[in-house]
Amino acid sequence: MKKQGLNIPRNYNTAAPLAVRAEGIYIYDENDKRYIDGCCGALIANIGYCVPEVVEAIVKQLRTLNFAHPSRWKNEAIETAAEKLAELTPGDLNNIWFVSGGSEAIESALKLARQYYVERDGKSSSKHLFIGRWNSYHGGTLGCMAVAGNMSRRKIFSPLFMEHPKIEPHYCYRCPFGLQYPACDIRCARQLEETILRMGAESIVAFIAEPVVGSTVGALVPPVEYWPLVRDICNRYDILLIADEVMTGMGRTGKAFCLDHWDVVPDIIASAKGMAAGYMPAGGIFVSNTLMDVIKKESGNFAHGHTYNANPLVGAAVSAVVDYIKKHNLIENAAKQGERLEEEIRSLEEIPIVGDLRGLGLMRGVELVADKKTKKPFPAKEKAAALVAAECMSRGLVIYPSSGMVNGGTAGDNFLLAPALTVTEGQIVEIVGILRESLTAAAELLL
Ligand SMILES: Cc1ncc(COP(=O)(O)O)c(C=O)c1O
């Protein structure tokens, strides 16, 4: 009898529809039902699906040079992609290490940061800890989970990795310190300094965080003072700043990279998702000259590697995506339509389960609550975010639900709304219209 191969799905308990084709911001299932992708998968398909010129650029590269092992060859496609990306990166973050996704980018950032200190200060460098934040996600591999703080995603694996120190996030809606902005004096940023002092700066390699917290909490935007203060603390204690821009980068928030909103230049940016926008599994780290100059002068090689590092197909996809973003002014469109989206979703405030609306550019988050006044979350067993997502799906809209950001990972529901950077005003009105109906229906079921 012929053996049947079975793909392991993300979840055996929920039946996902079959995606058959896609175009622009729409995905179609096997019954030709049309869904608006209101979250670009997970903030990936930033330029829309199946854009002909991007597809053609990849096919051309596939016919010319599909692979060249990076330990033995250079390739033109990846060099061109690096040049194009460097036009978008802040400061002197011109040195780009290409990988296949966000988790690999974070792993690369952690290793490069540690290697920098070992080569700068000698093999005995005691810098080996990374300060992360509670409620954060940086990827599914062990190194990424070790520096992240989303308990619901990491709890069962925590015996497998070394624990790194964590500080509280800028969760102003539920301030972890019970304070209020601006009287709080940005206590959450100042906790970074306290933690450095407690652990000893000589043991800390870097602080790693998302400029706007993405999937775990739902588009948390920090107070304006937060990032300049964090940069200053890192500088004062000789600690690197790693920005996880896997979600927020490549124009998503209305600037090329999210830290540009506060004119803060990190030492390393980790990027992925929108970098090749779903046309190839792509990611990368953008590294400052200061770091690379030390590595060039000392060992001369980054002690890290993956088979698909610097892959020519990734190079072709990234170049075509960046060209498309520039040609159609998509970063500017993200800023403009982001404001439109903000205005439109404000009308959701009156729905009784909508607790908080937040976000930047085309990255918007909605926190769901059982009681608006007390901010009481729904019991986890209600699966409120998943229920809202299901209501949206049945009406032809895809959103990105998440839960577990309250009470140590045991409660809390939110979702992200993040349409493609190509989105039009008409599409925004349609998206929010479907969302309003879905939230109202979910509220009736939940309350
Ligand atoms: C902020 C952030 N960092 C890292 C990752 C990991 O990226 P990947 O899933 O491509 O490995 C993700 C994925 O969702 C993410 O949102």
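Taking each residue of the range 273-286 that is under 13 Å from Val246 (Cα atoms) and within 11 Å of the ligand (Cβ to nearest atom) and looking for partners that are hydroxyl-bearing (Ser, Thr, Tyr) and in a loop (DSSP other than H, G, I, E, B) with beta-carbon atoms closer than 8 Å, six or more apart or interchain, yields Pro281/Ser100; Pro281/Tyr308; Ala282/Ser100; Gly283/Ser100. Contact map, the range 50-71: first residue assigned to a loop (DSSP other than H, G, I, E, B), second residue of a type in the set (A, V, I, L, M, F, W, C), Cβ cut-off under 7 Å, separation 6 or more or different chains; pairs are Cys50/Ala22; Asn66/Leu313; Pro70/Ala310. Pairs are defined by a Cβ separation below 8 Å, a sequence spacing of at least 6 or placement on different chains, a first member in the range 236-251 that is in contact (Cβ under 8 Å) with a residue 24 or more places away in the chain and of a type in the set (S, T, N, Q), and a second member that is within 16 Å of the ligand (Cβ to nearest atom) and assigned to a loop (DSSP other than H, G, I, E, B); the pairs so defined are Thr248/Glu210; Thr248/Pro211; Thr248/Val212; Thr248/Gly214; Thr248/Phe257.
Considering the conditions (1) surrounded by fewer than 20 Cβ atoms within 10 Å (Cβ to Cβ); (2) at pLDDT 95 or above, Leu416 is excluded by exactly one of them, (1).
At pLDDT 95 or above, over 30 Å from Trp262 (Cβ atoms) and surrounded by 13 or more Cβ atoms within 10 Å (Cβ to Cβ): is that true of Ala42 in this structure? For Ala42, the condition - at pLDDT 95 or above, over 30 Å from Trp262 (Cβ atoms) and surrounded by 13 or more Cβ atoms within 10 Å (Cβ to Cβ) - is not met. Just give me the residues in the range 387-415 being of a type in the set (A, V, I, L, M), touching a Leu at 6+ places or on another chain (Cβ under 7 Å) and within 25 Å of Cys50 (Cβ to Cβ), in sequence order. Within the range 387-415, Leu397, Ile399 qualify. Selection of the range 140-157 for residues being of a type in the set (D, E, K, R) and within 14 Å of the ligand (Cβ to nearest atom) yields Arg153, Arg154.
Would you say Tyr137 is crowded, with 17+ Cβ neighbours inside 10 Å, more than 16 Å from the ligand (Cβ to nearest atom), under 23 Å from Phe286 (Cβ atoms) and not assigned by TED's automatic domain parsing to the domain that holds Val406?
No, not satisfied.
Within the range 226-252, the set of residues being outside any helix (DSSP H, G or I), crowded, with 21+ Cβ neighbours inside 10 Å and more than 13 Å from the ligand (Cβ to nearest atom) comprises Ile239, Leu240, Leu241, Gly251. If you scan the range 416-431, which residues turn out to be outside any helix (DSSP H, G or I) and β-branched (Val, Ile, Thr)? Those that are outside any helix (DSSP H, G or I) and β-branched (Val, Ile, Thr): Thr422, Val423, Thr424. Residue pairs whose Cβ atoms lie under 7 Å apart, sitting 6 or more positions apart in sequence or on different chains, and linking a residue in the range 101-129 that is modelled with pLDDT of 95 or more to a partner that is more than 16 Å from the ligand (Cβ to nearest atom) and of a type in the set (Gly, Ala, Ser), are Gln115/Ala303; Tyr117/Ser125; Val118/Ser125; Glu119/Ser299; Ser126/Ser203; Lys127/Ser203; His128/Ser203; Leu129/Ser203.
Which members of the range 354-384 meet the condition of being touching a Cys at 6+ places or on another chain (Cβ under 8 Å) and either among the aromatic types (Phe, Trp, Tyr) or not assigned by TED's automatic domain parsing to the domain that holds Ile428 (or both)? Write out each step before concluding.
Start the filter on the range 354-384 by keeping residues that are touching a Cys at 6+ places or on another chain (Cβ under 8 Å), which leaves 360.
Once the filter is applied, which keeps residues that are touching a Cys at 6+ places or on another chain (Cβ under 8 Å) and either among the aromatic types (Phe, Trp, Tyr) or not assigned by TED's automatic domain parsing to the domain that holds Ile428 (or both), the range 354-384 yields nothing.
Looking at Glu168, Glu119, Glu193, Glu210, just one residue is within 16 Å of the ligand (Cβ to nearest atom), of a type in the set (Asp, Glu) and surrounded by 15 or more Cβ atoms within 10 Å (Cβ to Cβ), and that residue is Glu210.
The values are calculated or read from the model by the stated rules, or taken from the named source; none is laboratory data. It should be emphasised that the depicted structure is a prediction, and the values quoted were computed from it without experimental measurement. Heads up, the Cβs are rebuilt from the backbone with ideal geometry, glycines too, and the neighbour counts pull from every protein chain shown.
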